[in-house]
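Take a look at the structure below.
Taken together, the values in this text are just the output of simple stated rules run on the coordinates, not laboratory data. In this text, all values refer to a predicted model and were calculated from it rather than measured experimentally. Cβ placement follows ideal geometry from the backbone for every residue including glycine, while neighbour counts extend to all protein chains displayed.
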Amino acid sequence: MNPSRISQLFARCRAENQPALIAYITAGDPSLERTVSLVEAMELGGADLIELGVPFSDPIADGPVIMRATERALAHGASLAGVLEVARKIRERSQIPILLFSYLNPLLRYGFDRLAQDAAAAGIDGILMTDASVEEAGKFVPVVRAAGLDTVFLAAPTSPMERLKQVAAYSSGFVYLVSRTGVTGVRDQLAGSAAELVERMRTVTDLPLAVGFGIAKAADAAAVAKIADGVVVGSAFVRIIEESAGSLEMESRLEAFTRELKAGARAGRA
Amino acid sequence: MITTSQPDSGGHFGPYGGRFVPEVLMNPLEELEQAYYAARRDPTFQAELADLLKDYAGRPTPLYYAKRLSQTLGGAKIYIKREDLLHTGAHKINNALGQILLARRMGKKRIIAETGAGQHGVATATVCALFGMECVIYMGEEDMRRQRLNVFRMRLLGATVTGVTSGSRTLKDAISEAMRDWVTNVGDTHYLLGSALGSHPYPLMVRDFHSCMGAEAREQILAKEGRLPDQVIACVGGGSNAIGIFHAFVPDTAVKLVGVEAGGRSLAPGEHAARFAGGSPGVLQGCFSYVLQNGDGQISLTHSVSAGLDYAMIGPEHAFLADQGRAEYVPCSDADALEAAQTLARTEGLIPALESAHGVAEALRRAPAAKGEIFIVNLSGRGDKDIDIYRENLKELDEPESN
């Protein structure tokens, strides 16, 4: 099997000594059609990988910004089938890696066999399940991998070494490190726990490591780029979408903000 | 029939239960599990809990023969397990006392909890006052409106009550908010979950702390009647009072176990909280069990006149008992629950909590055709907290000229 788009991205980034900028967006906010053009704007601004969030009615790991985005998306009828359609439209014009980012229940309801096939056909490159531990989601990994998709799991500052080893064993493409305890959302300061977690994770895996949660500005991106292969930004993007609701400038604002973050991340490696 | 009531090492009852949480919470849940298993084996812990249950909460509670009610119905002999007599007015204090001892043992300084009807919130606020711990209760704004008395009781006990405005503003949304708090403050905070729900070890631990109800009832009925009951009936929201009274009877396969879910206004989607009448297995708030959801896997809104039963998922051990055919689950409408509450009030002088009234209603329905049988109904709470809802729904009793 050829290396996945996700693996190719991180290989290229490592070769060029550049950090990857990973951008999260809640699909369907403000509408599924608009998500396609918002992703295009983030790509133009320099995003290297898109996390396409599947809206779920009870997002226990999310803070207010993504909760509100989820409510807007569901109110406009977003569903997993619709999100797959968004991925297909993005893939028609772009080779940017796409990671499906979802709570488990919509995936279970859709059915994992069917999901793995349909996601691969839509051009999705991997799946991350927010509320599925390796213990519970492990059984889904073979079927997802068999369809040629990566499986990305979360590691947290509260995970002891034994759990970090498990997370690494079940992950492919990269590992997503949660910078601090808490829900998603913007914070004033990047947690010191991130560096320690990166260090511990490095001792158990060679997979690329991306750090997320609470990264909202260029300086944060720079700090993370110093220690990790990838910088994940979520709520800060979603907040721009919320603030420019109904405006034609949504795409241009998103593109400009992405550019700022990318410059920050690159400066971290300079 | 396999009816093992000990989950596997991952906390599964058959396929149900487990741990479906963000990675941040996995190790805290493992630590909680280890601490709980150690406490369960520790005679000092068990002795302290037993003392508190006896001298502070008021256990054992009586098993009362409802003679007038039974004679009026002309069928089964109905016994009532009087959890309504416990301190704070409902069974919830059993679990709150158990978990606060565990939290203290684990060195936690701060307690958070969700509440629907407010009974678990009051029980939690009570034990926090007793042990001098900081207490934050999450409660949906809709529930704060319909259970105002309990909101005031929690505040009087020194707890902070935080209103939740997301979703349907009821129990489910309160649990999500409590989980968000826990994921953020997991170092010094214990989440004192109030039902036999959520991730392992909660369903097991909450059931164990409530299993005193069934153990007492089993001994009491043997003493009074010289035999086991034919049916044990309890209402089921998340399912803590039901699993607590069922547990001791699970091996007694001749005893029918009957769980009563909220049938609401009708069994149309969004109008009820009867998970076995329209639900299917899924994941919500850390647990795999029967849940009300739509075709896209989004969790459905629910309705019940009773805030404590108004929840989209049923506890995993109930899902297992249902699959095994060991327990049966039936819905009871808002109207039937209100009617049953009046009947119990007028024949026995007992005003039940609206939740418990659902169980009473099912007993009333079954009793006339069950001559010679013995029923035990769990009266899980008293109705004082529900007086405003009774007044709204029984307007004819609230007229100035009525008497």
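Per residue of A:57-68, other chain Cβ atoms within 10 Å of the residue Cβ number 6 on average. For residue A:49, the residues whose amide H sits under 5 Å from its own are A:21, A:23, ignoring neighbours fewer than 5 places away on the same chain, with H placed 1.01 Å from N. Among the listed pairs A:139/A:262; B:109/B:385; A:217/B:108; A:165/A:226; A:217/B:109, a Cα-Cα separation exceeding 26 Å is found for A:139/A:262; B:109/B:385; A:217/B:108; A:217/B:109.
Rounded to whole numbers, the Karplus 3J(HN,Hα) couplings from phi for the range A:75-81 are 4, 8, x, 5, 9, 4, 4 Hz, using 6.51 cos²θ - 1.76 cosθ + 1.60 with θ = phi - 60°, and x at Gly and Pro.
Legend: P(r) of chain A from all alpha carbon pair distances, 5 Å bins from 0, whole percents, reading 1, 6, 14, 19, 22, 19, 13, 6, 1, 0. Proximity of backbone amide H atoms, modeled 1.01 Å from N, is registered between residue B:162 and B:137, B:138, B:139 at under 5 Å, excluding neighbours fewer than 5 places apart on the same chain. Annotation: amide H of residue A:127 within the under-5 Å range of A:100, A:150, A:151, A:152, sequence separation 5 or more or interchain, hydrogens built in the peptide plane. For the range B:206-250, applying the loop criterion from DSSP together with a ceiling of 16 other beta carbons within 10 Å to the trypsin sites (Lys or Arg not before Pro) yields B:227. A dipole drawn for the protein assembly as shown from +1 and -1 charges on Cβ atoms has a positive end, and of B:191, B:60, B:138 the residue lying farthest that way is B:60. Three semi-axes describe the equivalent ellipsoid of the range B:133-241; taken as square roots of 5 times the Cα gyration tensor eigenvalues and ordered largest first, they are 32, 17, 14 Å. 3J(HN,Hα) along the range A:250-263, derived from phi through the Karplus expression 6.51 cos²θ - 1.76 cosθ + 1.60 where θ = phi - 60°, amounts to 3, 5, 5, 5, 5, 4, 5, 5, 4, 4, 4, 5, 5, 4 Hz, with x in place of Gly and Pro.
Roughly what % of Cα-Cα distances in the protein assembly as shown sit above 51 Å, to the whole percent? Of all Cα-Cα pairs in the protein assembly as shown, 15 percent lie more than 51 Å apart. Where both bridge residues fall in the protein assembly as shown, DSSP classifies roughly 20% of the beta bridges as antiparallel.
Taking packing as the residue-averaged number of other Cβ atoms within 10 angstrom, the listed peptides B:298-305, B:7-14 run from highest to lowest as B:298-305, B:7-14. Checking Cβ-Cβ separations below 4.7 Å across chain B identifies B:212, B:235, B:287, B:332 as cysteines lacking any candidate disulfide partner. Over chain B, the hull volume per residue, using the convex hull of the C-alpha atoms, is 133 Å³.
With only the Cα atoms considered, the range A:63-129 has a convex hull volume of 97 Å³ per residue.
Applied to the range A:127-133, the Karplus parametrisation 6.51 cos²θ - 1.76 cosθ + 1.60 on θ = phi - 60° returns per-residue 3J(HN,Hα) values of 10, 10, 10, 4, 10, 10, 5 Hz, with x for Gly and Pro. Around the Cα centre of the range B:73-119, unit charges on the Cβ atoms of Lys, Arg, Asp and Glu (plus for the first two, minus for the last two) sum to a dipole of about 300 debye. Considering only B:289, B:279, B:260, the residue lying farthest towards the positive end of the dipole of the range B:238-326 is B:260, judged by Cα position with unit charges set on Cβ. Rg/Rh for the range B:46-104 stands at 1.17; both radii use Cα atoms, and Rh follows the Kirkwood definition. Counting Cβ atoms of other protein chains within 10 Å of each Cβ in A:127-135 and taking the mean gives 5.
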